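S.K.: The structure is given below, and queries will be raised subsequently.
Just so you know, all these numbers are worked out from the coordinates, no wet-lab data involved. This one's a predicted model, so the numbers in the text were calculated from it and none came from an experiment. Backbone-built Cβ (ideal geometry, glycine too); neighbour counts: all protein chains shown.
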Amino acid sequence: MATVLDGKRVAESIHVQLRQTLQGLQAQGLTLKLAVVLVGDHPASASYVRGKQRAAARVGLDSELIHLPADVSEEALLAVVERLNADPAVDGVLVQLPLPDSLDEQRILRAVSPDKDVDGFHPYNVGLAWTGQARVWPCTPAGILALLQDYKIPLAGKHAVVVGRSRIVGKPMAALLLQENATVTVCHSQTRNLADLTRQADLLVVAAGVPRLIGLEHVRPGAVVIDVGIHRVDGQLMGDVDFSAVSAVAAAITPVPGGVGPLTVAQLLANTVHLGLRRRGLEADEGCP
Ligand code: GUN
């Protein structure tokens with residue numbers, strides 16, 4: 001039976017560190033702030049944003065929600081982003097994805113100041129990440145690395161297989177694992193013979209967005225399996241991995257819920273603190289693996 005990797009515990013230890021840092025700043029009269037822009041009423045996005053704000057409050061980070069209607073114009077949304085970029089009290093700007101189809105996501109993400117880009121999605125920050133100069137890594141890959149480091153799971157020389165190539169998880173996860181000296185294979189929806197590749201993995205990171213895509217036949221006994229998916233199917237929460245089948249052979253596996261999700265949120269807070277301190281000339285080392 002696999003070790004169940006406890007994302008909630010590791011997230012809480014990140015929160016403890018951040019709370020200390022933020023309390024120290026508050027003693028000097030400084031409060032950091034995250035601004036979250038939510039467009040429309042996508043129920044999952046609204047719930048994620050509430051979770052991010054609750055976690056921010058728990059560590060002593062201010063947050064501001066700018067909730068815009070689904071039919072907001074691109075110009076009006078850009079004006080909000082510009083206002084947040086220019087506001088000296090705002091340390092991090094996050095535009096919750098996905099955006100409605102009427103909006104040009106690339107254009108909006110390019111408008112966020114790279115110095116406040118807590119998601120690490122601006123092309124400038126993506127370029128820094130792929131060239132070994134990251135200021136922040138996207139929150140989910142950074143959270144996964146924190147989890148692997150907490151459990152002392154080595155990466156150098158290991159074969160990591162990433163399933164999924166999204167901007168949010170797959171691509172930055174591949175870059176981060178490369179930086180950690182893993183040998184990285186990236187699979188996606190057009191990959192042929194998926195199981196032939198995933199069975200080679202020492203570390204399998206699954207961010208495909210397909211409920212229970214990965215079963216027993218995809219996993220080498222003794223592999224470490226990280227499940228980024230979260231789906232509600234017939235009222236039941238599940239990931240991209242068939243937990244009950246895979247946990248019988250894996251060395252370690254993340255649960256859903258309670259695995260990657262809390263780490264993504266913790267890392268968002270860490271990235272906000274990191275960029276806030278950096279922009280204010282008060283460097284600290286939170287946020288950057
Ligand atoms: N939607 C799902 N995950 C994320 C994330 O990490 N950042 C943003 N901005 N939107 C998301």
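S.K.: What is the gain in length, in nm to one decimal, between ARG167 and VAL4 on full extension, counting 0.36 nm per residue of separation less the C-alpha to C-alpha distance?
M.R.: Details: separation 163, 0.36 × 163 = 58.68 nm, distance 2.69 nm.
Between ARG167 and VAL4, full extension yields an extra 56.0 nm.
S.K.: Using +1 at the C-beta of Lys and Arg and -1 at the C-beta of Asp and Glu, which of ALA86, GLY281, GLY24 has the Cα lying farthest in the positive direction of the dipole of the chain?
M.R.: Selected residue: GLY24.
S.K.: On to the next question. Within segment 107-200, list the trypsin sites (Lys or Arg not before Pro) lying in a DSSP loop whose Cβ has at most 11 other Cβ atoms in a 10 Å radius.
M.R.: Details: sites: ARG107, ARG110, LYS116, ARG135, LYS152, LYS158, ARG165, ARG167, ARG192, ARG199; in loops: ARG135, LYS152, LYS158, ARG165, ARG167, ARG192, ARG199.
Of the trypsin sites (Lys or Arg not before Pro), the ones in loops of segment 107-200 whose Cβ has at most 11 other Cβ atoms within 10 Å are LYS152, ARG192.
S.K.: In whole angstrom, note down how far apart the Cα centers of segment 2-62 and segment 175-232 are.
M.R.: A separation of 28 Å, based on Cα centres.
S.K.: Something else about it: Which listed residue (GLY209, ILE230, LEU268) has the Cα farthest towards the positive end of the charge dipole for segment 195-289, taking +1 on Lys and Arg C-beta and -1 on Asp and Glu C-beta about the Cα centre?
M.R.: Comparing the listed Cα positions along the dipole, LEU268 ranks first.
S.K.: Against the longest principal axis of the chain, how steep is helix 170-179, in degrees 0 to 90 to the nearest 10, with axes from Cα atoms?
M.R.: Helix 170-179 and the main axis of the chain meet at about 80 degrees.
S.K.: Ok, one more. Does segment 21-177 come out rounded, prolate or oblate by the C-alpha gyration tensor, with a ≥ b ≥ c the root eigenvalues, rounded set by a/c under 1.5 and, if not, prolate when a/b is larger than b/c and oblate if not?
M.R.: oblate
S.K.: Within 10 Å of each residue's Cβ, count the other Cβ atoms and sort MET173, MET1 from fewest upward.
M.R.: Ascending Cβ contact count within 10 Å gives the list MET1, MET173.
S.K.: Still on this structure, please answer the following. Just need log10 I(q)/I(0) for segment 173-289 at q = 0.17, 0.21, 0.22 Å⁻¹, Debye formula, equal scatterers on the alpha-carbon atoms, no solvent, rounded to two decimals.
M.R.: -0.89, -1.17, -1.24
S.K.: Taking a cut-off of 19 Å, what percent of all Cα-Cα pairs in segment 167-225 are separated by more than that?
M.R.: Summing the P(r) tail past 19 Å for segment 167-225 gives 26 percent.
S.K.: Check CYS187: other-chain or 5+ apart residues with amide H under 5 Å from its amide H, H built from backbone geometry?
M.R.: Those qualifying (amide H under 5 Å, at least 5 residues apart or on another chain) are VAL162, VAL163, GLY164.
S.K.: Over 22 Å, how big is the tail of the calculated P(r) for segment 62-151, in percent of all Cα pairs?
M.R.: Considering segment 62-151, 33 percent of its Cα-Cα pairs are separated by more than 22 Å.
S.K.: At each listed q (0.08, 0.11, 0.16 Å⁻¹), what is the log10 of I(q)/I(0) that the Debye formula gives for the chain modelled as equal alpha-carbon point scatterers?
M.R.: -0.33, -0.63, -1.30
S.K.: Suppose the Debye formula is applied to equal point scatterers at every Cα of segment 85-234; what is log10 I(q)/I(0) at q = 0.21 Å⁻¹?
M.R.: Reported log10 I(q)/I(0), two decimals: -1.34.
S.K.: Nothing charged except the Cβ atoms of Lys and Arg (+1) and of Asp and Glu (-1): what's the magnitude of the dipole of segment 111-222 about its Cα centre? Round to the nearest 20 debye.
M.R.: 200
S.K.: Which ordering of CYS187, CYS139 is given by a fewest-first count of other beta-carbon atoms within 10 Å? Write down the numbers at each step before the final one.
M.R.: Values: CYS187 22, CYS139 27.
The most exposed by this proxy come first: CYS187, CYS139.
S.K.: If I fit a long axis through the Cα atoms of helix 260-279 and take the longest principal axis of the Cα atoms of the chain, what angle between them do I get, 0 to 90°, rounded to 10?
M.R.: Helix 260-279 sits roughly 40 degrees off the main axis of the chain.
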